[in-house]
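Colleague: Below is the structure I would like to discuss, written out as structure tokens.
The values are calculated or read from the model by the stated rules, or taken from the named source; none is laboratory data. What you see is a predicted model; the values in this text were computed from it and never measured. For neighbour counting, all protein chains shown are included, and Cβ atoms are generated from backbone atoms with ideal geometry for every residue, glycine included. Just so you know, the surface numbers come from the protein's heavy atoms only, side chains and all, with ligands and any DNA or RNA stripped out. Shrake-Rupley method; radii C 1.70, N 1.55, O 1.52, S 1.80 Å.
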Amino acid sequence: MACNGYIISIQESALFRPGKKMSPSFSVNGVRVDDDGEKVATINGTNLPASKLRVGESVTQKDAGRFTLTGITPASGEAKFGGGGIAHFCYEPAPGFELSPGVADGN
């Protein structure tokens, strides 16, 4: 899957702030392989209701941009009960959205 934006990873219990300001911010939970064998994660954040995505699915927050789930790294062992999984996204900023230097530089 080609990404016309930035490859980012968000770990459960962490906040992703893509812009120069503190808001908007995004988090993930439920990073796992579900009972059907599908890789899933739920993303939510500023003006973005919780959205459960399967790999290849996207959600757009109108001010910040589009998040497409590209993969997951589920938590292992004890950590799976307290979070710790990582969701990987292609993040395409909204037109005119000012990226933080870390995102723009690929860090």
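Colleague: Just to confirm, what accessible area per residue do you get for the chain at 1.4 Å probe, in whole Å²?
Modeller: Ligands and nucleic acids excluded, the figure is 57 Å² per residue.
Colleague: Over 22 Å apart: what share of the alpha carbon pairs of the chain falls there, rounded to a whole percent?
Modeller: Beyond 22 Å sits 26 percent of the P(r) for the chain.
Colleague: So, in the chain, how many Lys pairs have Cα atoms under 27 Å apart, if the pair is 8 or more places apart or on different chains?
Modeller: The number of close lysine pairs in the chain is 9.
Colleague: If you don't mind, another one. Restrict the search to the range 1-60; then list the chymotrypsin sites (Phe, Trp or Tyr not before Pro) that DSSP places in a loop and that have at most 14 other Cβ atoms within 10 Å of their Cβ.
Modeller: none
Colleague: Follow-up question, since we're still on this one. Could you run the Karplus curve 6.51 cos²θ - 1.76 cosθ + 1.60 with θ = phi - 60° over the range 71-76 and give me ³J(HN,Hα) per residue in whole Hz, x for Gly and Pro?
Modeller: Values per residue, Gly and Pro as x: x, 9, 10, x, 5, 10 Hz.
Colleague: With the full set of protein chains in place, find how many percent of the accessible area of the chain is carbon and sulfur; take the probe as 1.4 Å.
Modeller: That share works out to 47 percent.
Colleague: Okay, moving on. Which ³J(HN,Hα) values in Hz, rounded to whole numbers, follow from the phi angles of the range 48-62 under the Karplus curve 6.51 cos²θ - 1.76 cosθ + 1.60, where θ = phi - 60° and Gly and Pro get x?
Modeller: Result, rounded to whole Hz: 9, x, 3, 10, 7, 10, 9, 3, x, 8, 10, 9, 10, 9, 4.
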